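S.K.: Submitted below is the structure of interest, expressed as structure tokens.
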Amino acid sequence: MTIDMKETISPYFLALRPVLIQIGETFGPDCEVVLHDFNHPKNSVVMVVNGEVTGRHVGQTFNDLMSIIQSPYLKNDCLNNYIKHSKDGKLLKCSTSLLRNQSGDVVGAICINYDLSRHMQIKKQMDDFCRGIDLEAKEESTDLLGEGVSDILRQILDRTISDAGIPVSAMSRQDKMEIVRFLDEKEVFSIKGSVEELAKQLAVSRYTIYNYLDEVRNRKE
């Protein structure tokens, strides 16, 4: 078992260290466990157990959060047993639990990524174990934004802006575009109302956010 942990970590997340180690030791080297601190969205990964499964390491950002919080299968802040693929093609069985503070704000997450390669070789005997939810399937967007999703969206925007370390009133156009670039990379704008909420927080019009988005996406081409 391998452990990668940030040198300085808040007591709230440090208290979860034994939990991650226990999960990793119980399910073995095929089980990767990742701890996120969303107070720093761009570097949210603060601890990884068995990172060899997907190559996760401390200092990376989150993935799939927008898909998770919008999933109809998210219950009690947990999305369990969904299927996805790693970058190198491994079939993974994953579970994500959102972590809240005493105020009810989502401040982090625990993600489990289990490599199914060995189990898939057993075929029929392991069918029940390998069955799961395909998060990679594209679902039709809805016009209704759940209250829970809306709250998490605002929290992610708040922390991304705060993580920039510059008051909004002192931000340059480039500072604001960098925030838009990061949020676009994380598919935050797939959530209905995200542009309007970000525009409000950055004290610009929604048309300005759309202009930033166009410029950011054109640079990728």
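Taken together, the values in this text are just the output of simple stated rules run on the coordinates, not laboratory data. All figures in this text were calculated on a predicted structure; none of them were measured in a lab. Positions of Cβ are backbone-derived with ideal geometry, glycine not excepted, and every protein chain shown enters the neighbour counts.
S.K.: Can you list, bin by bin at 5 Å, the percent of alpha carbon pairs in the chain, starting at 0?
M.R.: 1, 6, 14, 17, 18, 16, 13, 8, 4, 2, 1, 0, 0
S.K.: OK, next. Rounded to the nearest 0.05, what FRET efficiency is calculated for residue 206 and residue 61 with R0 set to 35 Å and r the Cβ-Cβ distance?
M.R.: 0.90
S.K.: Within 10 Å, count the other beta carbons around each residue, average over each peptide in 35-46, 9-20, and list them highest first.
M.R.: The most tightly packed comes first, giving 35-46, 9-20.
S.K.: Further question on the same structure: I need the peptides 93-106, 191-204 ranked by packing, meaning the mean over residues of other C-beta atoms within 10 angstrom, with the highest value on top.
M.R.: Values: 93-106: 15.6, 191-204: 17.3.
Listed from highest to lowest mean packing, they are 191-204, 93-106.
S.K.: PRE reach from residue 158 (point 7 Å along Cα→Cβ): which of the stretch 36-50 fall under 19 Å by backbone N?
M.R.: 36-44
S.K.: For the pair residue 88/residue 150, report the inter-label distance in nm, with labels modelled 7 Å from Cα in the Cβ direction.
M.R.: With each label point 7 Å from Cα toward Cβ, the separation is 4.4 nm.
S.K.: Of 90/176; 42/90; 87/220, which ones are farther than 30 Å apart at the Cα?
M.R.: Cα-Cα > 30 Å for 90/176; rest within.
S.K.: Hey, another quick one. Per-residue counts of other Cβ atoms within 10 Å, averaged by peptide: what ranking do you get for 83-92, 60-69, highest first?
M.R.: So the peptides 83-92, 60-69, ranked by packing, come out 60-69, 83-92.
S.K.: Here's something else I'd like to know. Label residue 2 and residue 130 with points 7 Å out from Cα along Cα→Cβ: what is the distance between them in nm?
M.R.: Each label point is offset 7 Å from its Cα along the Cβ direction, giving 2.6 nm.
S.K.: Next question, about the same structure. Set the Förster radius R0 to 22 Å, insert the Cβ-Cβ distance between residue 117 and residue 25 as r into 1/(1 + (r/R0)^6), and round the FRET efficiency to 0.05.
M.R.: About 0.65, to the nearest 0.05.
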